[in-house]
Amino acid sequence: MNIVWLMRMKRWVQNPPSPRRVKFVFGIVLIAAIIFGIEYFGYWPDWATAERMGRRF
């Protein structure tokens, strides 16, 4: 673990985020998990899938 992450954790313990911010972050994580689940089980539409483009050198 990096020393920067340890210092960030120390700051969060001393000055925790507001409940509103915690709910916001959990909401974003929940939305990302739902999108991942939809894509994983094959219900994601083809038009919303990005295609990889080859490198052109």
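Quick check on packing: order 45-53, 7-15 by the mean number of other C-beta atoms within 10 Å, highest mean leading.
7-15, 45-53
Using a 1.4 angstrom probe, figure out how much accessible area the chain has per residue, in square angstrom, rounded to the nearest whole.
Solvent-accessible surface per residue comes out at 112 Å².
For a distance above 18 Å, tell me the whole-number percent of Cα pairs in the chain that qualify.
The calculated P(r) of the chain puts 64 percent of pairs beyond 18 Å.
Based on DSSP H runs of at least 4 residues, each adding -39500 (n - 2.57), what is the mean residue ellipticity at 222 nm of the chain after dividing by all its residues, to the nearest 500 deg cm²/dmol?
After summing the helix terms and dividing by the residues of the chain, the value is -20000 deg cm²/dmol.
Mind giving me the nanometre distance, one decimal, between the label points for Arg20 and Ile35, set 7 Å out from Cα along Cα→Cβ?
So the two model labels end up 2.4 nm from each other.
The values are calculated or read from the model by the stated rules, or taken from the named source; none is laboratory data. Predicted, not measured: the structure shown is a model, and the values here were computed from it. We place every Cβ from the backbone using ideal geometry, glycine too, and count neighbours over all the protein chains shown. Please note that ligands, DNA and RNA were not included when accessible areas were found on the heavy atoms of the full protein model with its side chains. Shrake-Rupley method; radii C 1.70, N 1.55, O 1.52, S 1.80 Å.
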